[in-house]
Ligand code: NCD
């Protein structure tokens, strides 16, 4: 059976560590200009239905550096038979005979899972809608391990768009596996989805900490606001509510992970938040941070991350992007079984699924594709609540 990576939950902590150990070896070899030809006879297909710079190109670079070959569809939505109305399942059933591994980025939540159910070769998700982005998490965790020497026990602040940003939805589970403490900083409209928080608690025993809890303990000097907006100040036609922003006790953190607002996934007037979140992390903020606090960002950035900190040694986001190559090399090699390193994958069991209910997430792949059976897993300890097998959104079903 092929080993797919569609969610960070498919990998145990031990498996992630194996990937990282191999990435360390590979990185060393790359630095010494040694040839690595683990994938000499292999072909990787990249199918990107959404824009990408880092994910697609670092995967392609990784495969070339492993001695393999790449067939690439960089704008799959427009240039493949998807434009003629071909379903994702049909496309996968064809591509599986052209390549030994497929990297898929798709705009629907749960698309990678559906693809994996229909593929004879490994499917690696390069991001599915606003659901997950497991290989970005591997890069994020690897950067923490390299730059901080460990992940366990670190205090990590996740800031920005935590609702629509898929990188964070994978990252929180990854951080929980390694025993980091997670803090969130986001306006309510951009808070971590409830089902993610619930799963973190039930499956990992991890509770996200919110800044509000700190309020009483903070003195004025500890507090820096996301943006220096005062109550009642008008931005365009809106008035900012006082409680929209929470204070960031920056000195507390070992790493700050910032994300851009996913404008392409938001309808209506919420776009005003982009101006509100501008320069969330800037020079002024970093002045109050510890000397060894690092700043991470999956990139691309918008105005939430100021260019004025790029030269600061604590700015680790370009390294984080660079580590994408050795990390993805290690992942491809392991999933293709061309190294001694064997990993165990932990797939969701579908035995508890109930059928004949539609997923409530309008962006779920099951809403888009014909002939896909909706499946759910019972959420333990929450009455009448089921989790979509594909996109993880929860649904209440009255018996
Ligand atoms: C992220 C993504 O595509 O989700 N980018 C990436 O892969 N590095 C983050 C983003 O687009 O904001």
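The values are calculated or read from the model by the stated rules, or taken from the named source; none is laboratory data. Bear in mind that the values here come from a model prediction, so they are computed numbers and not experimental data. With ideal geometry, Cβ positions are generated from the backbone for all residues, glycine too; neighbour counts draw on all protein chains shown.
Brief remarks on what is shown
- Helices (runs of 4 or more DSSP H) fully within the stretch 19-112 counting 3 or more residues that are within 21 Å of residue 299 (Cβ to Cβ): 54-65
- Within the stretch 148-160, one or more residues are closer than 13 Å to residue 208 by Cβ, in the same structural domain as residue 282 (by TED's automatic domain parsing) and surrounded by fewer than 19 Cβ atoms within 10 Å (Cβ to Cβ).
- Of all residues in the stretch 281-303, exactly one satisfies the criterion of being at negative phi, surrounded by fewer than 20 Cβ atoms within 10 Å (Cβ to Cβ), in contact (Cβ under 8 Å) with a residue 60 or more places away in the chain and within 16 Å of the ligand (Cβ to nearest atom), namely 300.
- The listed residue being touching a residue at least 24 places away in the same chain (Cβ under 8 Å) and either under 24 Å from residue 318 (Cβ atoms) or surrounded by fewer than 20 Cβ atoms within 10 Å (Cβ to Cβ) (or both), out of 78, 62: 62
- Answer from 130, 170 - the residue that is assigned to a loop (DSSP other than H, G, I, E, B) and within 14 Å of the ligand (Cβ to nearest atom): 130
- In the set 83, 99, only one residue is without any contact (Cβ under 8 Å) to a residue 12 or more places away in the chain, more than 16 Å from the ligand (Cβ to nearest atom), surrounded by fewer than 24 Cβ atoms within 10 Å (Cβ to Cβ) and outside the structural domain of residue 314 (by TED's automatic domain parsing); that residue is 83.
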